Structures are given as C-alpha cells and as structure tokens.
Amino acid sequence: MIINKKALPRRTVLRGMGATLALPLLDAMIPALTADEKTPAKPIRRFGVVYIPNGMVMAKWIPSAEGSTFDMPETLKPLEPFRDRMLVLSGLSNTPPALDSGAGVHARASTRFLTAIPPKRSDTSAVQAGVSMDQLAAAVLGSETQLASLEVAIEGRDLAGSCDIGFSCAYTNTISWRGPNTPLPMENDPRAVFERMFAGSQSTDRAARLAQIRSEKSILDSVSDRIGDFRRGIGSRDRAKLTEYLDAVRDVERQIQKAEQQSTRELPVVSQPAGIPASFEEHARLMFDLQLLAYQTDLTRVITFMMGRELSGRTFPQIGVVESHHATSHHQNDPIKLANLQKIKAHHAELFAYYVEKLQATPDGNGSLLDHTMILFGGGMSDSNAHSGMNLPVCIMGGASGQITGGRHVKYAGGTPMGNLLLTMLDKLGVPPVERIGDSTGRLEHLSEI
C-alpha cells in the first residue's frame, strides 16, 4: 500500500471534452481519508435497495430453521455462494391501515417499504407519504459525494393518473421519497444514468442526445491522454486496479451503444427512454454494472433500484412464463400459477446474485465493496394473492463495514414494524439517530450479533 504525504485527493477526476471520469478508491488516496497517516483509513459505508414487486411465494423464501444453520430456501438459492454475507429476516410487517377493501394495496406496498407510512389516497399529483429511509441516509452520506443518491429502475415512469384503485401512479413508480409530497423519479435509461455519472448531461432533448451518440466518442477516448499521464504517477497495484476499472467503464459504454444501435424508438423530452437493451436480463445486468461503478468511484453511497414496479405486467417468456407478472401473482393457489410466480422470483434472485458477485470481486480499501455495503433485498408485499403486508420478504446482503453479521436467519415476533429495521439500518450507516420512521416502535436487535 502506498502511503505518503502526497496522497491523491479522494475526489480526483480526469477531465476530457465534455466528460468527467471519476476514479475508484486507489491505495494512493487512502492517506487522504484519514486525519493521521498512521491510522488505517476508515471504511466507507454504502447502502443499496433492490426491490422486487408483486409479492413473493413465501414458502419458497423463508427458511424453516433459525440461526446460522438455516436451510437455504429455493428463491434465495442463487445466493448460496454468499451465504456468509446474507442475513434473512422474518416477522417484519407493514400493518395495513383501515382502507376500502382492495384499495391501493400495491401503492401501499411500494410506498411503505422505505417510508413505513401509508400513502394518502389520491389519483392526482397531490400525493403524500413520508421521507424514505434511503433519503434520510442520503442527506448525511451525500455530503461526501457528487451525487447524494441514485434512483434507477427497469421499467419506465411513463404511467400517469391512477394506477391502483384511486391511488396515483407516482406511488407505484418509485420507492424513494425526498419529502412527504416529493416522490423521486426512477431512471431506467442506461444512457441517462451513465451521463449523469460521468458526462454531466442534464438534457433529455432528442437532438442533443442523438448528436452525442453519433459522435461515437467514448468517455475514455476523451480523457485518454490524461489517463496515460495519471498511470505513470501511481504504483503498480494502483495501475492494475485502474486498468480493471477502465475495462469495466468501456464495457458499460459498449453495452449502452449496442442497445442504442438496436433501438428505433424516439425519445420525447423527459419521458420514454431509448437505447434500452432488448432483453430484461441484459437491461438488469447493465443497471447493476452502473450501480457498481457508482459505488466504486464513490459518486454516491446510496442507491435504490426497482427491478419492477408494483402492478407490473411484464411477461417472462424466456423462462417459460407468458402470463403477466401481476396476473401470475394472483395465483389463487393454482399450482401452475404458483410455479410460474416462483420462476419469476428465482429469476430476480439470479440476477441479483450477478450483482453481489461483482461487489464481492471488487476491491475497496482493505476489503471488497460487498464488505462495506449494506443492501436491502426484498419487497413490500408477502403473499401476493392476499396482498399481505405481514411477514415481508426481507434479506440484507453485505457487511456494512463490520456492522452486519451474515450467515443467519433472524426471526422476529410477528407484526414487528418494518420501520424498526429502517431505523436500525440508519444507525448501522452512521446516520445520527432518528427518533422514529412511520409506525416504528424501536430498534431491532441481533443484526450484528453472532
């Protein structure tokens, strides 16, 4: 490890023509993160959410045994290689408020997942919920990064009006709320996310974006001279780390350009994005790759990702499910529908495992990105047929810089508020204590105990 008085600033960037290339954490930057060069660098804590819509086949999610000897349920089986970094939690719930039967069940699921506050009934833009836990974290962790938070998704935000029996589509289009009346839009266009991270473009004007695409100049090309100069000034281990990172950036650019070449759709300002990969799997992996780069470069420490929105009608013919996701979730205990719903949930977990593997393989300080990240994986609805908010499917992956002890299934008393977990995760991230989130009644124990 290189430690000298000429340590690189943590926010070192390489600038080119219309592009800014942030760099990953290098050994030469570590002294800049400490007040005393003799003191080891304090690990950076990061937080992520990967949200799964339309409920779960709970019999295939919850382990039958508690503690470290828990059995790996079928849905989580793709995460078996990361068992020691997995913390499965059961018993957490979002108790439904008194509403008309069947009203807003999906709006409640997505809105309460990170706010623990039920949405106000409204089919207009006059929405109301609460500040989400990720944004409470971003208000603190974002003071150290270029982007306070990043909100991304697979499905677009092009739905408007009422999506769920008198509840605005804003409730099902996002899980992040900056304020009680401010839902944050989730971006599903990889190019837009990439530009926000590296090129600094804020425009969705079609002509401007197409001109940039047609220029065929990558970010790496625009800063190539500076990359060469920079490489000569760092150690061999840093050069190897930088090479791996640059290869990842180039690969992401290549994927985006390929998707754009295949796309013939136009891009109205702000709304329908273009250049999205043809398959769900390619799109999901690309969005995961972008999140990895965002963490790796410390552009942000807070990311929320919706792998689908509540009420999603997506079909999955590639895994043998031709009925829509939402219709399949209303299985009425039909064996065929249940089997198809399970295929979808296992497929989501397989794609998430791709991301977890990359986090584990990416060096970060004295460990990996997975060591220093806490990712909440799950959804705001358990039994989809009953639209239940009880005993939610919740799993935490990663170590949060030593704040989480994995390899366990922890079962809490039935009806324990999900808000209690949100409060506890904020504590683990080093956020100054928050008194209450939604209907929370206190903190959870056992997240970091062996």
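Remarks
- Residue count, region 272-284 (criterion: touching a helix residue (DSSP H, G or I) at 6+ places or on another chain (Cβ under 6 Å) and modelled with pLDDT of 95 or more): 1
- Selection within region 354-363: residues that are part of a helix (DSSP H, G or I) and touching a residue at least 40 places away in the same chain (Cβ under 8 Å). The member of this set that is farthest from His283 (Cα to Cα) is Gln360.
- Residue within region 362-371 that is surrounded by fewer than 19 Cβ atoms within 10 Å (Cβ to Cβ) and in contact with a helix residue (DSSP H, G or I) (Cβ under 6 Å, 6 or more places away or on another chain) present: yes
- Residue within region 331-353 that is part of a strand (DSSP E or B) and over 15 Å from the mean Cα position of the chain (by Cα) present: no
- Selection of region 271-328 for residues being outside any loop (DSSP other than H, G, I, E, B) and over 30 Å from Leu429 (Cα atoms) yields Phe280, Glu281, Glu282, Phe316, Pro317, Gln318, Ile319, Val321, His325, His326, Ala327, Thr328.
- Of Asp84, Asp36, all but one fail to be more than 30 Å from Ile117 (Cα to Cα), surrounded by fewer than 13 Cβ atoms within 10 Å (Cβ to Cβ), out of contact with any His (no Cβ under 8 Å at 6 or more places or on another chain) and at pLDDT below 70; the exception is Asp36.
- When Gly407, Gly399 are checked against the criterion of being touching an Asp or Glu at 6+ places or on another chain (Cβ under 8 Å) and closer than 20 Å to Glu66 by Cβ, Gly407 stands alone in meeting it.
- When residues of region 143-179 are limited to those that are at pLDDT below 85 and acidic (Asp, Glu), the one nearest to Ala22 (Cα to Cα): Asp158
- Strands (runs of 3 or more DSSP E) wholly inside region 373-450 containing at least 3 residues that are modelled with pLDDT of 95 or more and within 21 Å of Ile303 (Cα to Cα): 373-378, 394-397
- Total residues in region 125-156, condition in a loop (DSSP other than H, G, I, E, B), touching a strand residue (DSSP E or B) at 6+ places or on another chain (Cβ under 8 Å), of a type outside the set (A, V, I, L, M) and surrounded by fewer than 24 Cβ atoms within 10 Å (Cβ to Cβ): 6
The values are calculated or read from the model by the stated rules, or taken from the named source; none is laboratory data. Keep in mind that what you see is a predicted model, and the values were worked out from it rather than measured. Cβ: placed from backbone, ideal geometry, glycine included. Neighbour counts: every protein chain shown.
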